[in-house]
1. Inspect the stretch 112-132 for any residue being in the same structural domain as TYR42 (by TED's automatic domain parsing) and among the polar types (S, T, N, Q) and give the result as yes or no.
2. Of everything in the stretch 139-154, what is in contact with a helix residue (DSSP H, G or I) (Cβ under 6 Å, 6 or more places away or on another chain), part of a strand (DSSP E or B) and closer than 15 Å to ARG102 by Cα? Give them in sequence order.
3. Between a first residue in the stretch 106-126 that is more than 16 Å from ILE172 (Cβ to Cβ) and a second residue that is among the polar types (S, T, N, Q) and surrounded by 15 or more Cβ atoms within 10 Å (Cβ to Cβ), which pairs have beta carbons less than 6 Å apart while being 6 or more apart in sequence or on different chains?
4. When you scan the stretch 123-139, how many residues do you find that are loosely packed, with under 12 Cβ neighbours inside 10 Å and at pLDDT 95 or above?
5. Name the single residue, out of those in the stretch 89-115 being surrounded by 15 or more Cβ atoms within 10 Å (Cβ to Cβ) and farther than 30 Å from VAL45 by Cβ, that is nearest to the chain's Cα centre (by Cα).
6. For the stretch 22-118, list the strands (runs of 3 or more DSSP E) that sit wholly inside it and hold at least 1 residues that are within 30 Å of GLN167 (Cα to Cα) and touching a Leu at 6+ places or on another chain (Cβ under 8 Å); which are they?
7. Let me spell it out: the conditions are (1) exposed (fewer than 10 other Cβ atoms within 10 Å of the Cβ); (2) modelled with pLDDT of 95 or more, and ARG34 meets all of them except one. Which number is the exception?
8. State which residue pairs qualify: first residue among the hydrophobic types (A, V, I, L, M, F, W, C) and inside the stretch 54-76, second residue exposed (fewer than 10 other Cβ atoms within 10 Å of the Cβ) in any location, beta carbons under 9 Å apart, and separation of 6 or more residues or different chains.
Amino acid sequence: MEQLKDAPVPSLLDLEVIDPATIQLYYQPADQLRLTLPTRSYIEVRPAWAAPLSRPGRYLSLMDAKGKEIVLIDRPESLPDASWQAVQIELKRRYLTSTVHRILSARVEFGATYWTVVTERGERDFVTQSLQENAQWLSTVHLLLIDVDGNRFEIVDASALDPHSKQLIEAIL
């Protein structure tokens, strides 16, 4: 406990401020996003929204290969055009969302939920773990499911689903 009391508490003065205009994001090789800052470079970087639901389009986090945040960008559109375009490509990959139109089946086995659904891309099978974390009600009718691979499946209006789909949601959630 003593170590925790004596540990320095970071303050806003300790944070490094980086001008977004000096951030360079690019692909090298063609499928690997890299980051160059004025003082250092990162071979692999992963962009993610820091607050995707409450502040969409704002607060972009750039993380290293281990998931440690490198920099947080308040207004990502202020990045140089080529960097912003590269980030948008990665974000589309990361946040690819399929819209669920029907649920054909859903069953729970040993804490995993196995889904078969119909989306705008056709029939899909996926698995979710820990529905407390990976099934999020965004409103009273809007449901987001995140599978074990990080894919996102969205039910925009659960009340508009067919009776069988509604029954499955009620039984599982």
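The values are calculated or read from the model by the stated rules, or taken from the named source; none is laboratory data. Fair warning: this is a prediction, and the values are worked out from it, not measured in the lab. For neighbour counting, all protein chains shown are included, and Cβ atoms are generated from backbone atoms with ideal geometry for every residue, glycine included.
1. From the stretch 112-132, those in the same structural domain as TYR42 (by TED's automatic domain parsing) are none; that's our starting set.
No, the stretch 112-132 contains no residue that is in the same structural domain as TYR42 (by TED's automatic domain parsing) and among the polar types (S, T, N, Q).
2. Within the stretch 139-154, the first condition is being in contact with a helix residue (DSSP H, G or I) (Cβ under 6 Å, 6 or more places away or on another chain), and the residues that meet it are 141, 143, 146.
Cutting the leftovers down to part of a strand (DSSP E or B) gives us 143, 146.
Hit for the stretch 139-154 is LEU143, nothing else.
3. Within 6 Å, the pairs are THR119/SER98; ARG121/SER98.
4. So the count comes out to 2.
5. VAL100
6. Numbers: elements: 24-27, 33-36, 46-49, 60-63, 69-73, 97-109.
Hits in the stretch 22-118: 97-109.
7. Against the list (1) exposed (fewer than 10 other Cβ atoms within 10 Å of the Cβ); (2) modelled with pLDDT of 95 or more, ARG34 comes up short only on (1).
8. Short answer, once both residue conditions are applied: ILE70/ARG40; VAL71/GLU16.
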